[in-house]
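Everything on this sheet refers to the single structure shown next.
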Amino acid sequence: MNKTRHPVGLVLVLLSLVLNFISVVLYVQQPDTLAAFTVLPIWLWGALGLLLSLASYFLFRSPLSLFTSTMWFLVILVLSDEAPGLVRFGQTTPEDGRAAPYLNRQPLRVITCNWSSDSRPIGPAIAPWEPDIVFIQEMPHPYLIKQLADTLYGNTGDYRYDENHACGVVLRGRIKKALLEPQYRSQYLTARLPNGNLIELANIHLQPASTNLSLWSPSCWKEHRQNRMRRRSELQFALAFLNEYTPFPNRPTLIAGDFNAPATDGASDVLARDFTDTFEAVGTGWGNTYHRRFPLLRLDQIHASHHFLPLRSRAVTIEESEHRMVVSDLLLE
């Protein structure tokens, strides 16, 4: 039999093409019913598709195998969340120390970190970056938040700790108002910066992610669908809460924290109209934040309202946490 027409080779190419088409449609559309498929990074499906097409080429020299492989490379480059940060050559990146000035103006440095640690002080990991605002999730003790505020700012800063949700915010400036919201693991603050500007802060820790990857089981698909819908409801509630109790969207606002889902997840679409994902806009390097040792997913995110110009962003590995922290420099326009 002609090697180029071997039926096994043609089947492998066909399977790769079908998987390519399905992946593009689902990652663009993000249907809730198929959230179990898109919860994984698209490059994992791409790796499977490339394996099929390359096996077809090297074993059978099948027609379209190289074309299919090229299609996969393009899909991964365009649709994967990781690609922009890796190919953003020439983009400046946050370095430790105070945020570098931009056009003779001082940007805000914002950090979000799921501490998920024991009682070790957080200051040694955060202090070298000299942030202006720090969002913390899964902080076990309030005194650690106070320690961080004292370490960073002394008497020129402020902090709030939500004991019910184990989260806190530390900032350079003063907190004017803290809004209690017992339904979800969220924290809402109005802060006055040293220059007098008022901003709204929402510290978010969304519904725990579903880890069921038994794709052969209907219960897996149902679980991921319901999980995404609950997380979308939390974000919709956050926007409604800000609209009702703050001057949002007319005042600069930051929503940051642990979203417990990839940045490409359909639940985050509700933020797209009013907010910019800072790492997606200007991030450099490998942006995924979980798990620290093998970061596959960008769970930790900083979203800035359109009052801010994102300048730089990166994810930073710290030994004390299971998550990598996100550092973003923003110019308040």
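In the neighborhood of residue 214, defined by Cβ-to-Cβ distances under 12 Å, what is the net charge if each Lys or Arg adds +1 and each Asp or Glu adds -1?
With Lys, Arg at +1 and Asp, Glu at -1, the neighbours total 0.
Calculate one ³J(HN,Hα) per residue across segment 319-327 by plugging θ = phi - 60° into the Karplus curve 6.51 cos²θ - 1.76 cosθ + 1.60, and present them in order as whole Hz with x for glycine and proline.
Along segment 319-327, the couplings run 6, 6, 10, 6, 9, 7, 8, 9, 10 Hz.
Tally Lys and Arg at +1 and Asp and Glu at -1 over the other residues with C-beta under 13 Å from the C-beta of residue 146: what net charge comes out?
Its environment carries a net charge of -2.
With r defined as the distance between the Cβ atoms of residue 8 and residue 273 and R0 fixed at 56 Å, what FRET efficiency is calculated, to the nearest 0.05?
Step by step, r from the Cβ atoms, then E = 0.70.
Which whole-number percent gives the relative contact order of the chain, counting Cα pairs below 8 Å spaced six or more residues apart?
About 19 percent, as a whole number.
I'd like the FRET efficiency for residue 105 and residue 281, computed as 1/(1 + (r/R0)^6) with the beta carbon distance as r and R0 of 25 Å, rounded to 0.05.
The value I calculate is 0.85.
Can you put 320, 95, 82 in order of accessible area, largest first, using a 1.4 Å probe?
Largest to smallest exposure gives the sequence 95, 320, 82.
Pull out the extension gain between residue 96 and residue 214, defined as 0.36 nm times the separation in residues minus the alpha carbon to alpha carbon distance; nm, one decimal.
Difference between extended and current length: 38.3 nm.
Just to be sure I understand the rule: take each whole DSSP H helix in the chain, project its Cα atoms onto its long axis, keep it if the span is 18 Å or more and its mean Kyte-Doolittle hydropathy is at least 0.0. Which ones pass?
Within the chain the helices that satisfy the rule are 7-29, 42-60, 65-79.
Pull up all non-local amide H partners of residue 61: gap of 5 or more, or a different chain, and H-to-H distance under 5 Å with H placed in the peptide plane.
Under 5 Å from the amide H of residue 61: no residue qualifies.
For segment 212-293, count the residues as N, evaluate 2.2 N^0.38 Å, and divide the Cα radius of gyration by that value, please.
Output field value: 1.30.
With +1 on each Lys and Arg Cβ and -1 on each Asp and Glu Cβ, and nothing else charged, work out how big the dipole of segment 105-216 is about its Cα centre, in Debye to the nearest 20.
It comes to approximately 360 debye.
Counting only the heavy atoms of the protein chains, how much of residue 280 is accessible to a 1.4 Å probe, in Å² to the nearest 10?
Ignoring ligands and nucleic acids, residue 280 comes out at about 110 Å².
Which one, 97, 266, 46, has the greatest fluctuation when you compute a Gaussian network model over the chain with C-alpha springs under 10 angstrom?
Highest fluctuation among the options: 97.
Work out from phi, with θ = phi - 60° and the Karplus expression 6.51 cos²θ - 1.76 cosθ + 1.60, the ³J(HN,Hα) of each residue of segment 303-311, listed in order in whole Hz, and give x for Gly and Pro.
Listing the rounded values in order: 10, 10, 5, 6, 6, 9, 9, x, 10 Hz.
In nm, give the distance between the simple-model label positions of residue 178 and residue 163, each being 7 Å from the Cα along the Cα-to-Cβ direction.
1.1
Compute the longest continuous run of the chain that contains no exposed chymotrypsin sites (Phe, Trp or Tyr not before Pro); treat a site as exposed when its DSSP state is not H, G, I, E or B and it has at most 15 other Cβ atoms within 10 Å.
Segment 90-215 is the longest.
Quick one: pull the percent of accessible area on the chain belonging to carbon and sulfur, 1.4 Å probe, ligands and nucleic acids left out.
Ligands and nucleic acids excluded, carbon and sulfur give 60 percent.
Take each of the peptides 322-331, 9-18, average the number of other beta-carbon atoms within 10 Å over its residues, and list them starting from the highest.
322-331, 9-18
The values are calculated or read from the model by the stated rules, or taken from the named source; none is laboratory data. Being a predicted model, the structure only gives us computed values, none of them experimental. When we count neighbours, we look across all protein chains shown, and the Cβ atoms used for this are built from the backbone with ideal geometry, even at glycine. When the accessible area is computed, the model is the full protein with side chains, heavy atoms only, and any ligands, DNA or RNA have been set aside. Shrake-Rupley method; radii C 1.70, N 1.55, O 1.52, S 1.80 Å.
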